[in-house]
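Here's the structure, in structure tokens; my notes come after.
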Amino acid sequence: MSKASKDALLSEFCSITGASPKDAKRYLDKHQRRLDAAIDAYYQEGGSKTTVASTSKLNALFEKYKDPTGDEISIDGTIQLCQDLKVDPENVVLLAVAYELKSPRVGEWNKKGWVEGWSRLGCDTVDEMKDTLTRLRAKLGSDSTYFHKVYDHTFGFARTEGQRSLAIDTALAFWDLLLPTGLTGGALKHDLTGEDVDMDGEESSGWTNEHTQWWFQFLAEKGGKGVSKDTWMMLFDFIRSIDSQFLTHDAEAAWPSAIDDFVFWARSVGKVPTPEAT
């Protein structure tokens with residue numbers, strides 16, 4: 001079996017069971033890479049034979065990447081880490097890692113978050129971390145609850161220290177990473193709960209990548225100093241709840257003014273019909 005096939009099996013085992021890569025490898029090796037048999041054995045044993053990540057190994061890795069003149073891993077160490085993990089520093093999965101390791105800012109990792117985060121994920125080697133990135137990437141795209149947690153963490157993570165809002169170009173860059181991931185994987189799929197408008201066909205769908213581009217265009221034309229935390233947080237709910245034609249938008253609801261203004265703009269430039277025209 002090729003390494004790629006083994007990695008795919010490992011990732012699938014982790015995705016299905018939530019087990020650590022170390023435990024997944026142990027069960028797959030024991031059952032000659034037969035996925036069904038390995039999963040059955042894992043559940044029959046209650047997942048009880050878990051392997052604890054080595055704190056000493058994680059400490060050693062932290063020291064490897066840590067800034068030699070400081071107490072944290074900084075930009076240079078992050079670049080080296082990404083090279084070792086064979087992941088682009090701008091890959092969206094690193095936002096999930098930042099959430100898991102409680103990274104305070106872009107390119108910064110403290111020792112407590114590093115050790116506790118990787119320990120929770122069951123990793124203490126670079127190879128195990130690589131496998132975990134595959135699992136986190138899939139979870140980020142498909143799990144709405146997990147996506148929401150990573151999305152919320154990203155605001156503080158991306159914000160310049162001491163600032164209350166995100167610079168518009170910074171917000172756009174992170175939205176450009178996160179939103180396509182959630183839309184493609186299903187984490188941002190249209191939530192029809194509480195829908196009270198009778199719509200069929202195309203009109204019954206929700207936010208798409210095209211709507212994301214409208215949002216970017218609106219913000220570029222609107223200008224302004226930045227994106228508030230309220231706008232950042234509430235956009236997630238708006239994307240999940242709004243229909244593709246914005247027919248369900250309630251101007252009296254407690255949406256941030258930027259979102260209300262966006263709906264008005266989309267109607268005024270003919271992106272979507274006005275309610276009177278439907």
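Results, tabulated for the structure shown:
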{"read-out": "Spatial separation of Cα centroids for the stretch 204-278 and the stretch 104-177, in angstrom", "value": "26 Å"}
{"read-out": "Folded to 0 to 90 degrees: helix 55-65 orientation relative to the chain principal axis, Cα", "value": "60 degrees"}
{"read-out": "Cα long-axis angle, helix 229-241 against the chain (0 to 90 degrees, to the nearest 10)", "value": "80 degrees"}
{"read-out": "Top of Phe155, Phe216, Phe147 by mean-square fluctuation, Gaussian network on the chain, Cα under 10 Å", "value": "Phe216"}
{"read-out": "Rounded accessible area of Tyr99 (nearest 10 Å², 1.4 Å probe)", "value": "50 Å²"}
{"read-out": "Extreme residue, positive dipole direction of the chain, given options Leu140, Ala220, Phe264 (C-beta unit charges)", "value": "Leu140"}
{"read-out": "Reachable lysines from Lys102, criterion Cα separation under 24 angstrom, eight or more residues apart if same chain", "value": "Lys22, Lys57, Lys64, Lys66, Lys86, Lys111, Lys112, Lys130, Lys139, Lys149, Lys229"}
{"read-out": "For the chain, size of Cβ-based charge dipole, Lys and Arg +1, Asp and Glu -1, in debye", "value": "1480 debye"}
{"read-out": "Debye, to nearest 20: dipole size of the stretch 55-142, +1 on Lys, Arg Cβ, -1 on Asp, Glu Cβ", "value": "300 debye"}
{"read-out": "Which of Phe238, Thr181, Phe157, positive extreme of dipole for the chain (C-beta unit charges)", "value": "Phe157"}
{"read-out": "Expected 222 nm ellipticity per residue - DSSP helices of 4 or more, -39500 (n - 2.57), all of the chain, to 500", "value": "-18500 deg cm²/dmol"}
{"read-out": "Glu45, Glu90, ranked by accessible area, largest first (probe 1.4 Å)", "value": "Glu90, Glu45"}
{"read-out": "Heavy atoms of Asp143 accessible to a 1.4 Å probe, total area in Å² rounded to 10", "value": "50 Å²"}
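The values are calculated or read from the model by the stated rules, or taken from the named source; none is laboratory data. Quick caveat, the model's predicted, so the values are computed rather than measured. Here Cβ is always computed from backbone atoms with ideal geometry, including for glycine, and neighbour counts include all displayed protein chains. Only protein heavy atoms, including side chains, enter the accessible area calculation; ligands, DNA and RNA are left aside. Shrake-Rupley method; radii C 1.70, N 1.55, O 1.52, S 1.80 Å.
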